[in-house]
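Structure record follows, encoded as structure tokens.
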Amino acid sequence: DEGDETTKFQDAVVLLVLLGLMMHYLLKRDLSSLRHICYVGFFSIAVLCATMVYRAAEKNLSHSGLFRTNVKWVASSFADVLNALPIILLAFLCSFNIISVHCSLVDPTRGRVKEVIYKSVMFSFLLMCIFGVSGYLYSYDNTDGNILLCFDPKDPVIFLGRIGCGITTLFALPMNALPCREALLSLLAQISEARARRRATKEEQRRLLDKRRSENESVTCTPGANKSFHKSRTMPAESNVGADEENGYGTSGNVKKTSRKGTVDTARPGQTNGPALSETFIHRIATFGIVFACYVAAVLAPGVAIVWDIAGSSMAFLIQFIIPATCYIKLKLRTGKSSKHLVMAYLLMAFAVVMAALCTAQTAWRLATK
């Protein structure tokens, strides 16, 4: 037990050091700046895939009857399907990156976006399919949730693949942290905007009441006062805007005024157009918070298979099928036109909801009985 605790502590320290080394990339604001590490990550995972294929082929060719006696073409029960489906879905969980990918394209036309989606899904399917088949053909019924545990740790070929897997996982952190941070900051901005809108509504109601009170009091005013009162009511709106800006209620700092000739930047001397200090601080705090939460979860998690089961049975269905289908249905219903795509969206959402409930229940039952 003491040796296991020492190993876990060492793993936690190594993971913390690796996160520190990747912090420069974790703070990047767009996917275009991460495209080079994406290439390195894909090449590294391809190396691991090649090593697994080599060992699986070597083992089956050296034992002629191994494939024929151990291969399983169909799942033995529906529970096995529910256990495997969430992990398979996680292999294609990339829809949360589509907005960032669209913004990073040089010419983000509909055709180019479809081409990127089709090719990325095709390459992911081929790679994951080779991974699954080669891993299963090496261990068959003894296949572990972490396929690397099925191989000898001292195997030099698999050790090369482990290095590739580590590099891929390491470089995948910024690719996953970026959309997570964008979603978090967007949610906080929407909450802040909603609160400001409610405060503005209350302020408008207060001003309206003050205005009505002033109108009622103006009946008892002198003629000269009435003239000045009506004159103040008919003042142009621009004067109020200027007063607000002078009092600090309007836009301060870098202001862009739009004219017929275009947009004119009226930044004050000594100010820059880059991100403000508070924005940079919020950006870094959000990044550190996400990374720290993931680090604690990774250290405390008993195994990666449990994470895959929980995330795949709930979040994968939600992100990949339920939310996109719901958004598509909502947009289509606004047009008032029905089509076969709308029917397919309803069927997809219904299938995803049912399967998410079944897979989540299966995962919860399996974890409770362990």
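The values are calculated or read from the model by the stated rules, or taken from the named source; none is laboratory data. These numbers come from a predicted model, not from an experiment. Only protein heavy atoms, including side chains, enter the accessible area calculation; ligands, DNA and RNA are left aside. Shrake-Rupley method; radii C 1.70, N 1.55, O 1.52, S 1.80 Å.
Data for the structure
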quantity	calculated
In sequence order, calculated HN-Hα J values of segment 146-158 (Karplus, 6.51, -1.76, 1.60; Hz; x Gly/Pro)	9, 4, 5, 6, 7, 9, 5, x, 8, 5, x, 5, 5
Rounded percent of accessible protein surface that carbon and sulfur make up, segment 49-98, 1.4 Å probe	68
202, 72, reordered so the largest accessible area comes first (probe 1.4 Å)	202, 72
Whole-number Å³ per residue for the convex hull built on Cα positions in segment 121-223	184
Whole-number D in µm²/s for segment 15-76 (Stokes-Einstein; Kirkwood sum over Cα pairs; 25 °C, 0.890 mPa s)	158
Accessible area in square angstrom per residue, segment 323-370, 1.4 angstrom probe	73
Computed accessible area, residue 188, all protein chains, 1.4 angstrom probe, square angstrom	90
Whole-Hz ³J(HN,Hα) from phi, Karplus 6.51 cos²θ - 1.76 cosθ + 1.60, for segment 327-334, glycine and proline x	5, 5, 5, 5, 5, 5, 5, 5
Accessible area expressed per residue, segment 149-210, with surrounding protein chains retained (probe 1.4 Å, Å²)	68
Segment 1-157 - Debye-derived log10 I(q)/I(0), Cα point model, q = 0.12, 0.13, 0.15, 0.18 Å⁻¹	-0.80, -0.91, -1.11, -1.28
